[in-house]
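Notes follow the structure.
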Amino acid sequence: MQLERLADTFFNLQVMQQYLPKIVEGFFVTVQIALAVVLAGIAAGLALALVRAFRIRALNFFIILGVDVLRALPPLVLIIGFYFALPTIGIRMSAWVATWLALSLVLAAFAEEIFWAGILAVPKGQWEAARSTGLSFVQTLTDVVLPQAVRLTIPPLTNRTIAITKGTALGAVVAVGEILYQAQTAYSFSYNPSPLVLGAAAYLILFIPVVYFGRWVETRFAWKR
Amino acid sequence: MGGDRPILEVRGLHKSFGALEVLKGIDLAVRKGELVFVIGPSGSGKSTLLRCCNRLEEPSSGSIRVEGVDVMAPGTDINAVRRRIGMVFQSFNLYPHLDALGNVTLALRKVVGQPRAEAERAGQQALARVGLAEKAKSFPNELSGGQQQRVAIARALALEPAILLFDEPTSALDPELVGSVLAVMRELRESGMTMVVVSHEMRFARSAADRVIFMDHGLIVEQGTPEKLFNAPEHPRIRDFIASIEH
C-alpha cells in the first residue's frame with residue numbers, strides 16, 4: 001500500500017535507530033557553531049555600530065562598504081571562498097572555522113545595520129538632555145542611547161540571528177559534521193531518506209525554542225513610550 | 001557679598017545656521033538670583049540663545065562666560081561647565097529606560113562620581129523639592145506631563161547648578177498641568193536660584209520675573225522690568241506681540 005511505502009521511505013525506524021547517534025553528534029556540532037556565530041556576530045556588529053557613532057568619515061566609509069559587501073554576498077560563497085580559495089594564498093582554516101567565520105561576518109554586518117538604525121532612532125533630545133547634565137559623548141552613548149537602542153533592535157535582531165544561525169547547515173558543503181552533513185551522509189549510506197527526516201526534526205528541536213525565546217525577549221524588553 | 005560678577009555673561013553672540021543668521025549680536029548679563037524672562041515671536045532666536053549658553057549649539061562668534069569661565073575657550077572642559085548650567089527642555093527628554101530616581105541620579109553618578117547611595121540621597125532630595133518624592137520608582141511613561149517636567153527640573157537641580165535655563169518648559173503641557181510646573185519654578189526663584197526662562201507664560205512673567213527681555217529677528221529689542229515692558233513698552237511691536245499672546 002502507498003501509505004506503508006511512505007512510512008518505510010521516510011520513517012524507517014530501523015534506519016533511524018541506526019543513524020540517530022550520528023544525528024545527535026551533528027546536533028551538538030550545530031549548537032556549537034550557532035552559539036559561536038551568535039556571540040561573535042552580535043559582538044562585532046555592536047562594536048562596529050558604536051565605532052560608527054563617532055562619525056569619523058574615513059572610518060565609516062570602510063564600515064559601510066564592508067557591511068554592504070557582506071550583506072550582498074551569499075554566505076555559501078564566503079564559506080567556499082574561505083575553505084577552498086584562501087589556502088591558495090597560504091591562509092588555511094578548518095571547515096568549522098570557515099563556516100563560523102563566514103556566518104559571523106554576515107551576522108556582524110546585519111547586526112551593525114540593525115544597531116545603527118536603533119541608535120539613530122533614539123530621539124535627539126535624549127542626547128541633548130544627557131549632554132546638558134555634563135555626560136560625555138561616550139557616557140551618553142553607553143548609558144542613555146544604547147540601552148534604548150538595544151530594546152528597539154531586539155525584534156529585528158532576533159529574526160536575523162535565527163535566519164543566519166540556520167545557515168550552519170551550509171557547513172555541510174565543506175564537510176563540517178553538523179546536522180545536515182550527518183543526515184546526508186547517513187542517507188547516502190542507507191539509500192533511505194529517513195535520516196533527513198531525523199535531521200529536520202533535530203533542527204526543529206533546536207530552533208523552535210529559539211523562536212519562542214525571541215518572542216519572550218521581545219515582550220520582556222518592550223516598554224511603553 | 002562680592003557677587004558683582006554676573007553668573008551668565010553673553011557678549012556679541014552671533015549664531016548662523018548656514019546662510020541664516022539666527023542671533024545677530026546678543027549682549028546679556030544675568031546676576032545671581034535673578035529671574036530673566038525671554039519673550040518674542042517664534043524664530044526670534046530665543047531657544048538658540050539658551051542652547052548656545054551650554055553649547056548645545058556652537059556659537060558662530062562672541063563670548064559666553066558662566067561664573068567667569070569662558071564657555072567657548074578651547075581649553076575649557078565643557079562637561080564640567082555643563083554641570084553648572086541646568087537645562088529644562090520643552091519636551092522633558094526624560095530617559096524612558098530609567099525610573100524618576102534613575103533619571104535624576106545618572107549624572108550624579110557618572111559625572112560627579114558619587115557612589116550610588118549618596119547619589120540616591122541627593123536624588124531623593126531633588127525629587128522632594130519638586131514635590132515628587134513618592135514617585136522615585138515611577139518610570140516616565142507612568143507620569144503625567146507635568147510630573148515628567150518636574151522630574152526633569154529635579155534632574156537639573158540635583159547637580160546644584162549655578163543657573164537654570166528653561167526652554168519653553170510648559171509649552172508641551174496640557175493647560176491644567178502648567179500650574180504645577182510654574183509653582184516649582186516660583187519656589188526655585190524664592191530660594192534664590194538664578195534662572196533664564198524662555199516661555200509664553202506672560203502672567204507668570206509679570207508676577208515672578210525680575211527682568212523681561214523681548215527678542216525679535218535675532219536681537220534684543222527691549223528689556224526692563226515686567227511692569228515697564230508689559231505696560232509701557234517703547235516699541236509698539238512688543239505691545240502687539242503681548243496682545244497676540246494674551247487674549
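The values are calculated or read from the model by the stated rules, or taken from the named source; none is laboratory data. It should be emphasised that the depicted structure is a prediction, and the values quoted were computed from it without experimental measurement. Cβ sites come from the backbone with ideal geometry, for glycine too, and all protein chains shown count toward neighbours. We work out accessible area using only protein heavy atoms, side chains counted, and drop any ligands, DNA or RNA first. Shrake-Rupley method; radii C 1.70, N 1.55, O 1.52, S 1.80 Å.
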**Q.** Matching residues, the stretch B:81-98, being of a type in the set (Gly, Ala, Ser) and either at positive phi or surrounded by 23 or more Cβ atoms within 10 Å (Cβ to Cβ) (or both)
**A.** B:Gly86
**Q.** Residue within the stretch A:49-71 that is within 19 Å of the chain's Cα centre (by Cα), open to solvent by less than 60 Å² (accessible area, probe 1.4 Å) and within 15 Å of A:Thr165 (Cα to Cα) present
**A.** no
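Table: residues versus (1) away from chain A (no Cβ under 14 Å); (2) under 24 Å from B:Glu222 (Cβ atoms); (3) touching a helix residue (DSSP H, G or I) at 6+ places or on another chain (Cβ under 6 Å).
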{"residue": "B:Arg11", "(1), (2), (3)": "yes, yes, no"}
{"residue": "B:Gly18", "(1), (2), (3)": "yes, no, no"}
{"residue": "B:Asn54", "(1), (2), (3)": "no, no, yes"}
{"residue": "B:Gly68", "(1), (2), (3)": "yes, no, no"}
{"residue": "B:Asn103", "(1), (2), (3)": "no, no, yes"}
Q. Which condition number does A:Ile154 fail, the rest of (1) open to solvent by 50 Å² or more (accessible area, probe 1.4 Å); (2) within 14 Å of another protein chain (Cβ to nearest Cβ); (3) under 17 Å from the mean Cα position of the chain (by Cα) being met?
A. (1)
Q. If you check A:Phe115, A:Phe137, A:Phe221, A:Phe213, which single one turns out to be over 30 Å from A:Thr9 (Cβ atoms), modelled with pLDDT of 95 or more, among the aromatic types (Phe, Trp, Tyr) and surrounded by fewer than 20 Cβ atoms within 10 Å (Cβ to Cβ)?
A. A:Phe137
Q: Name the strands (runs of 3 or more DSSP E) wholly inside the stretch B:52-169 in which the number of residues that are in contact (Cβ under 8 Å) with a residue 60 or more places away in the chain is 2 or more.
A: B:85-88, B:163-167
Q. Can you tell me which of B:Leu173, B:Leu177 is under 30 Å from B:Gly43 (Cβ atoms), open to solvent by 30 Å² or more (accessible area, probe 1.4 Å) and modelled with pLDDT under 95?
A. B:Leu177
Q.
Can you report the number of residues in the stretch B:7-45 which are assigned to a strand (DSSP E or B) and not aliphatic (A, V, I, L, M)?
A. 12
(Q) Quick test for you: out of B:Ser60, B:Ser44, pick the one residue that is in contact with a Gly (Cβ under 8 Å, 6 or more places away or on another chain) and either open to solvent by 40 Å² or more (accessible area, probe 1.4 Å) or more than 14 Å from every other protein chain (Cβ to nearest Cβ) (or both). (A) B:Ser44
Q: State whether the residues of the stretch A:6-28 include one that is in contact (Cβ under 8 Å) with a residue 60 or more places away in the chain, surrounded by 13 or more Cβ atoms within 10 Å (Cβ to Cβ), of a type outside the set (Ser, Thr, Tyr) and not in a helix (DSSP H, G or I).
A: yes
(Q) Looking only at the stretch A:106-140, how many residues end up being hydrophobic (A, V, I, L, M, F, W, C), within 12 Å of another protein chain (Cβ to nearest Cβ) and assigned to a helix (DSSP H, G or I)? (A) 5
Q) Has the stretch B:70-88 got at least one residue that is of a type outside the set (A, V, I, L, M), in contact with a helix residue (DSSP H, G or I) (Cβ under 6 Å, 6 or more places away or on another chain) and farther than 17 Å from B:Val111 by Cβ? A) no
Q: Of the conditions (1) closer than 16 Å to B:Leu165 by Cα; (2) surrounded by fewer than 23 Cβ atoms within 10 Å (Cβ to Cβ); (3) charged (D, E, K, R); (4) within 14 Å of another protein chain (Cβ to nearest Cβ), B:Lys110 clears all except one; give me its number.
A: (1)
